[in-house]
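Structure first, commentary second.
What follows is calculated from the coordinates using simple rules that are stated; it is not laboratory data. Values in this document were obtained by computation on a predicted structure and should not be read as measured data. Neighbour counts are summed over all protein chains in view; Cβ atoms, including those assigned to glycine, are modelled from backbone coordinates with ideal geometry.
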Amino acid sequence: FKNKKILVTGATGSIGFELVKQLIHMNCKTIRAFGNDENGLFELSKLLGKNSEKNLQLPKMMQLRKLRFFLGDIRDYNRCLEICRDVDYVVHAAALKHVAICEYNPFEAVKTNVIGTENMIKASLSNNIKKFLLISTDKVVSPTNVMGSSKLQAEKITISANEIAGNHQTVFSCVRFGNILGSRGSVVPTFINLLENNQDIYLTDKNMKRFVMTINNSVELIIKCLRLMKGSE
């Protein structure tokens, strides 16, 4: 990662934030944190800049920490083109991930998870990015809901991008995660809330299988994949 410029989409999410935080210590040239949550980016800048000099203005802090905070949406192709310019690696973590919300808003899930991924792929090809890694989910396996189906489609177009790359040097791969313990929207905060209010912990189905990992596990996996990926994995 030395002297590499790395773009992280969905940087205000649990995985994106932790990845950015760890990349700071890897001697990257710059790290671009991209998201559509203005307040989330502001909070991210405060958290990542808290060890810098006191009262340091945002531009100075970004220069010192080699961080760049980009506001925008992966649904906007022109914005994707802009943020991918002069980047080496893209970690595409931006997605709509809540099953129930996606089920009730299917067109929005497709716009973000499928069309947004397509925009990032095209922008990466246009800018000759070296590596593009899609963050996916175990729910793409035999999907029964909109979220899983849309992420499966995102995987398929990411892998297929290796075939249409032509003379471009960009390689495309995917990595799947299980349930990230302690992440925003995960089951752990729900369990804690139930316990604090003296309520029973409940499960959707006692026969349901859950695949879990920590945020640190997930970031280690991303970093390992970026090192090993050759394209189409």
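Data table
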quantity: Listed residues 69, 107, 177, most fluctuating in the chain (Gaussian network, C-alpha, under 10 Å); calculated: 107
quantity: Region 124-233, relative contact order in percent, only Cα pairs under 8 angstrom and at least six apart counted; calculated: 32 percent
quantity: Those residues of region 172-193 whose amide nitrogen sits under 16 Å from the label point placed on residue 43, 7 Å along Cα→Cβ; calculated: 182-186, 189-190
quantity: Over 22 Å (Cα to Cα) - which of 29/130; 5/60; 4/224; 5/156; 97/230; 21/209 fall in this group; calculated: 5/156; 97/230; 21/209
quantity: Mean-position separation - Cα centroids, region 104-157 and region 1-55, in angstrom; calculated: 22 Å
quantity: Over the chain, relative contact order from alpha-carbon pairs under 8 Å, at least 6 apart, %; calculated: 18 percent
quantity: Convex hull of Cα atoms in region 1-127, direction-averaged projection (nm²); calculated: 7.7 nm²
quantity: Region 10-54 shape via C-alpha gyration tensor axes, a/c threshold 1.5; calculated: oblate
quantity: Global geometry of region 102-143, whether rounded, prolate or oblate, following the gyration tensor of its Cα atoms and the 1.5 cut on a/c; calculated: oblate
quantity: Reciprocal of mean inverse Cα separation for the chain (Kirkwood radius, Å); calculated: 18.4 Å
